[in-house]
Amino acid sequence: MSAGVLFDAPGPKAKVRHRLLGGLGLLLIAAIVALIGWKFQQQGQFASAKWKPFTQSEIWNSYLLPGLQGTLKAAAISIVFAGVLGGLLALARMSSVRPLRWVASVIVEFFRAVPVLLMMIFSFGMYVQYNVFPDAQRPLAAVVTGLTLYNASVICEVIRSGVDQLPSGQREAGLSVGLSESQALRTILLPQAITAMLPSLVSQLVVVLKDTALGYNVLFNELLYAGNNASSNYSNLVPVILVIAVIYIVINYALTKLAVWIERRLARRGRTVAGPDAMAGGGLGGSATGPDLSKNTQAA
Amino acid sequence: MSTLFDQFDVWGAFWMTIKLTVLAAVFSLVIGTVVAIMRLSPVPVLRFLGTSYVNVFRNTPLTLIVFFSLIGLWQTLGIELSAQLSVNAFRFAVIGLSVYHAAFVCEALRSGVNTIPLGQAEAARSIGLTFGQSLREIILPQAFRGAITPLGNTLIALAKNTTVVVTIGVAETAYLMSKVNEDAADQLTNVFILSAVFFVVLTIPIGLLTGRLSKKLAVKR
């Protein structure tokens, strides 16, 4: 359902009005862009010396690509660790052993409440103090630690809510054919829950990727840090920031689209457990906003 | 522990985090509502602009946005918000936080709109309300009530994300921590536990409160 239910199909008068409003909006944006452009021009930000480096391989090879590699590496390691740890936490939180459940709950709630950056700075300090990792690897280790702890607890909650949303008949059927509680969880519930929550998990990847930029503060050589270094060499900070922003937006937008695509596929196969309001298209706001994408809201 | 309080302005850092959270929450709510209205509006151009806003700011790291708001807007474009350096950085931090979280507020509101049954909008149209009227009287009041939980989640994320502004040197909790890490590394564990407790105390009530509110204010259907 498109947003069309909120208003009637425009008649001739309304069409003119919409065009007028649209023109006005465009004009406003154009004015802002022009103002910024004019200011940039005044400051000489369009000087070819500032943009030329991007056409040459040096800035890419010695700064931006290694930075991008750092970003992707940290994100990849973190998501793998977070997936494993999050799965374990989810198992613990859903187990029938009460102390285990409590411990897992406390861990999850704690790491969800503490900002990722604080965990990074703390683990970085600790690694320095106790000399845990070799010097060069410490920033990466700190970034991965912070991201893993936070995202594991988020993934745990995603999996848990996926299991919660499965029809209760699934578990009961499992038990009635003689599976134990944990067998039913492992062989019946988890596979379905994880498949159904796949879009949320992919959206979480966007969060992880964005959060690697926090590594800037623990001197991790990610994209922003590398860009900052590059700009001190070419004295073109603003162009570098703009280029980096475009790189991030392209990657994350592609991931978001991937999540939507997976969601559509799952919906076609009838494997979704998302809320009925979102999937049935019964809501007003357009079906592009499933509840899964709002997971992107947890963005740290 | 007491040396920690003697040596560093712990309470000042916590107070700064709270100030950042409150101000950015207000501004991002305003901007986010405007963007959400644009995304729902009948004018295609405005819809496109709203969608672009969300896509751009939701997919850019907050660190980059905060960094750019100070470096780009202040150092390069020469927009000054205060003659005092620390106040200037603080205000740009609020701008960066607001602009970023407005995208999430917009999405939260849209998910709130999603909870409204179709019949509400149809009834509004059939009694002749215009788009603006039905938005004001019918859709938004229900959307805000339906969006309390996601808005609360955004607020919690915002409270935690204020730590990112350490990037431009605003003296909040993360700044305090890196300062301690530099000057008195033996106090690092203390300050981490203290800050962690501070954030737990700050965020868990928000979650409980919004959970309670969303039940209490839920539209009875």
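The values are calculated or read from the model by the stated rules, or taken from the named source; none is laboratory data. Keep in mind that this is a model prediction, so the values were computed, not measured. In this analysis, Cβ positions are derived from the backbone assuming ideal geometry, glycine residues included, and neighbour counts consider all displayed protein chains.
Observations on the model:
- Among residues of region A:55-72, those that are acidic (Asp, Glu) and touching an Asp or Glu at 6+ places or on another chain (Cβ under 9 Å), counted: 0
- Failed criterion for B:ASN88 (all others in (1) farther than 30 Å from A:LEU20 by Cα; (2) out of contact with any Ser or Thr (no Cβ under 6 Å at 6 or more places or on another chain); (3) surrounded by fewer than 22 Cβ atoms within 10 Å (Cβ to Cβ) hold): (2)
- Extreme residue, nearest to the other protein chains (Cβ to nearest Cβ), among residues of region A:219-230 that are part of a helix (DSSP H, G or I) and crowded, with 21+ Cβ neighbours inside 10 Å: A:LEU224
- Residue list for region A:162-202, filter: over 14 Å from A:ALA92 (Cα atoms) and among the small types (Gly, Ala, Ser): A:GLY162, A:SER168, A:GLY169, A:ALA173, A:GLY174, A:SER176, A:GLY178, A:SER180, A:ALA184, A:ALA193, A:ALA196, A:SER200
- Qualifying positions in region A:157-181 - within 18 Å of A:VAL106 (Cα to Cα) and either of a type in the set (Asp, Glu) or at pLDDT 95 or above (or both): A:GLU157
- Within region B:154-201, tally of residues that are among the basic types (Lys, Arg) and more than 22 Å from the chain's Cα centre (by Cα): 1
- For region B:24-46, the criterion of being of a type outside the set (Ser, Thr, Tyr), over 22 Å from the mean Cα position of the chain (by Cα) and within 17 Å of B:LEU109 (Cβ to Cβ) is met by at least one residue.
- One residue alone among A:ALA259, A:ALA213 is assigned to a helix (DSSP H, G or I), surrounded by 18 or more Cβ atoms within 10 Å (Cβ to Cβ) and more than 10 Å from chain B (Cβ to nearest Cβ), and that residue is A:ALA259.
- Listed by position, the helices (runs of 4 or more DSSP H) contained in region A:38-147 that have at least 2 residues being touching a helix residue (DSSP H, G or I) at 6+ places or on another chain (Cβ under 9 Å), aliphatic (A, V, I, L, M) and crowded, with 20+ Cβ neighbours inside 10 Å are A:65-93, A:98-113, A:116-129.
- The helices (runs of 4 or more DSSP H) found entirely in region B:23-121 that carry 1 or more residues being among the hydroxyl-bearing types (Ser, Thr, Tyr) and farther than 22 Å from A:VAL246 by Cβ are B:85-114.
- Flag for B:LYS179 being more than 8 Å from chain A (Cβ to nearest Cβ) and loosely packed, with under 15 Cβ neighbours inside 10 Å: no
- Restricting attention to region B:183-196, the residues that are more than 9 Å from every other protein chain (Cβ to nearest Cβ) and either assigned to a helix (DSSP H, G or I) or under 13 Å from A:PRO115 (Cβ atoms) (or both) total 5.
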